Amino acid sequence: VTQGIEVTVGGQRASAGPALASRRRPVLSLYVHVPFCFHKCHYCDFYSLVDRRDRQDPFTDALVAELRALAPHAGPLESVFVGGGTPTLLRPDLWRRLLDAFHGAYRLAPDAEFTVECNPETASPELMGVLAAGGVNRLSVGAQSFDERHLKTLERWHDPASVPRALALAHDAGIHRLSVDLIFAIPGQTLDDWRRDLDAALALPVEHLSGYGLTYEPGTAMTTRLERGDVEPAGEDLEAAMYEATLEAAAQAGFRRYEVSNLARAEPGEGPTPRAASRHNLAYWRGESWLAAGPSASAHVEGWRWKNVPRVDEWMAGVRAGGSPVVDLEPPDERRALAERLMMGLRLAEGIDTPVHAGALRAAIERERGAGLLDERDGRLTLTERGFLLADGVIARLIDAI
Ligand code: SF4
């Protein structure tokens, strides 16, 4: 089944059909991108556009068509993640249609994880009921901060009180796996401010917390403000102290860092990756395969990578014409695969199998071990505690060596 995926490579139409046709196993994870947002947050470089409501209907039609075209490549799905954008901005009746179509085309594995990203102000009893009835069992809520000043700096438009309200609505509807995202190193944020945010988040009935340092991505309003001198970035020392405060607060609340920026509630005796970890994101970090639907959604299938065209109108037109316009198709490549394994897998506390690779990479691994940043035990390579603090540098040096 190779139809349904059309690719533009260097302006030329090509086909990702062979990528899907050559797969040896059904794909067990699916990512779906819903691009609409209320407005553009200043730090955001995700593909999102301000919702004009008029495109929600045709968007849903196209998404249903694309999901049906991809379904023959999927096995019983172990994880589904609907991200954005703001998926919870889609009207409840459209969600119902989407979930009905999804269940008509796909099967979920027993104990599958089905996550929807939620902006807290968009949660309603009706929507949470529709999601829960449609098999959604995990909600990831973008809290970012509980301090109105810092939300304002980020240009996030929600009331901090909407976060516990959204979580309660989800829980009441039967969605019990709950996660919140926070951002630290916001201009003007002190270490105490951050500790208060952590305490507020960890006091909520959540099993998972993501804490990302603010980054200044090219082309965002935040970066323009930085270049103009309107905001001052947090210093490196403060950022490191905030990261360490995250680990301390999380440990006290019974959470374990299982990935550089992700922490999950850990039961006694659980290994480095607790059951409350995001199984969908683990598929990314472990280099497994996933299908992708929606504009700008990226797929990875057994070493092949591609991305749906990041323009909603072009994507809808392509799907209506019987294909999915796709860009950036990359065939499998051994060196890239190894670089990705280092880049993604080493972010996990469980680490990676030691790469069987002589020469420069081995020497680089030894150097990082000598510096106390990497550990190697029983054929597994992991970052040390200090290595986690300096993860980006360690990983970059290893990749340079391959
Ligand atoms: S809500 Fe999320 S995706 Fe939308 S603009 Fe803000 S950060 Fe970006």
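The values are calculated or read from the model by the stated rules, or taken from the named source; none is laboratory data. Note that this is a predicted model, so its numbers are computed, not measured. Note that each Cβ is placed from the backbone with ideal geometry, even for glycine, and that neighbours are counted across all protein chains shown.
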Next item on the list: Among residues belonging to the range 87-100 that are touching a residue at least 40 places away in the same chain (Cβ under 8 Å) and farther than 24 Å from Leu282 by Cβ, point out the one that is nearest to the ligand (Cβ to nearest atom).
Entry: Leu89
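What residue, among those in the range 23-44 that are more than 15 Å from the ligand (Cβ to nearest atom) and in contact (Cβ under 8 Å) with a residue 60 or more places away in the chain, is nearest to Ala293 (Cα to Cα)?
Step by step, filter the range 23-44, then rank; the result is Leu30.
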Checklist line | Residues within the range 109-128 that are touching a residue at least 40 places away in the same chain (Cβ under 8 Å) and not in a helix (DSSP H, G or I), tallied | finding: 7
Item checked: the range 373-384 - residue that is part of a loop (DSSP other than H, G, I, E, B) and farther than 14 Å from Ile395 by Cα and, of those, farthest from the chain's Cα centre (by Cα) -> Asp378
Note to self: Condition (residue is within 16 Å of the ligand (Cβ to nearest atom) and at pLDDT 95 or above) applied to the range 190-210: is it met by at least one residue?
What the structure shows: yes
Notebook entry, point to check: Given the conditions (1) in contact with a Pro (Cβ under 6 Å, 6 or more places away or on another chain); (2) within 13 Å of the ligand (Cβ to nearest atom); (3) not charged (D, E, K, R), and given that Val130 satisfies all but one, which numbered condition is not satisfied?
Noted result: (2)
Check: Considering the range 177-196 alone, what residues qualify as being crowded, with 19+ Cβ neighbours inside 10 Å, in contact with a helix residue (DSSP H, G or I) (Cβ under 8 Å, 6 or more places away or on another chain) and closer than 23 Å to Glu155 by Cβ?
Finding: Val180, Leu182, Ile183, Phe184, Ala185, Ile186, Gln189, Trp194
Next item on the list: Can you work out which of the residues in the range 135-153 that are part of a helix (DSSP H, G or I) and not basic (Lys, Arg) is surrounded by the fewest Cβ atoms within 10 Å (Cβ to Cβ)?
Entry: Glu148
Check: List pairs: first in the range 342-371 and farther than 16 Å from Arg386 by Cβ, second among the hydroxyl-bearing types (Ser, Thr, Tyr) and outside any loop (DSSP other than H, G, I, E, B), Cβ under 9 Å, 6+ apart or cross-chain?
Finding: Met344/Tyr284; Leu348/Tyr258; Leu348/Thr382; Glu350/Tyr258; Glu350/Thr382; Ile352/Thr382
Check: If a residue has to be within 16 Å of the ligand (Cβ to nearest atom) and hydroxyl-bearing (Ser, Thr, Tyr) to count, how many in the range 45-84 make the cut?
Finding: 2
Notebook entry, point to check: List the pairs whose first member sits in the range 185-201 and is on the phi > 0 side of the Ramachandran plot, whose second member is among the β-branched types (Val, Ile, Thr), and whose Cβ atoms are under 9 Å apart, counting only residues at least 6 apart or on separate chains?
Noted result: Ala185/Thr215; Gly188/Thr153; Gly188/Val231
Check: Which condition number does Arg228 fail, the rest of (1) surrounded by fewer than 13 Cβ atoms within 10 Å (Cβ to Cβ); (2) in contact (Cβ under 8 Å) with a residue 60 or more places away in the chain being met?
Finding: (2)
Check: If only one of Gly351, Gly345, Gly323 is on the phi > 0 side of the Ramachandran plot and of a type outside the set (S, T, N, Q), which one is it?
Finding: Gly351
Notebook entry, point to check: Within the range 155-167, is even one residue under 15 Å from Thr88 (Cα atoms), touching a Gly at 6+ places or on another chain (Cβ under 9 Å) and surrounded by fewer than 24 Cβ atoms within 10 Å (Cβ to Cβ)?
Noted result: yes
Check: Restricting the search to the range 154-189, which residues are away from the ligand (no atom under 13 Å from the Cβ), among the acidic types (Asp, Glu) and part of a strand (DSSP E or B)?
Finding: none
Checklist line | Members of the range 354-379 found to be within 26 Å of Gly211 (Cα to Cα) and surrounded by fewer than 16 Cβ atoms within 10 Å (Cβ to Cβ), listed by number | finding: Gly372, Asp375
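State the number of residues belonging to the range 97-125 that are among the charged types (D, E, K, R) and surrounded by 15 or more Cβ atoms within 10 Å (Cβ to Cβ).
4
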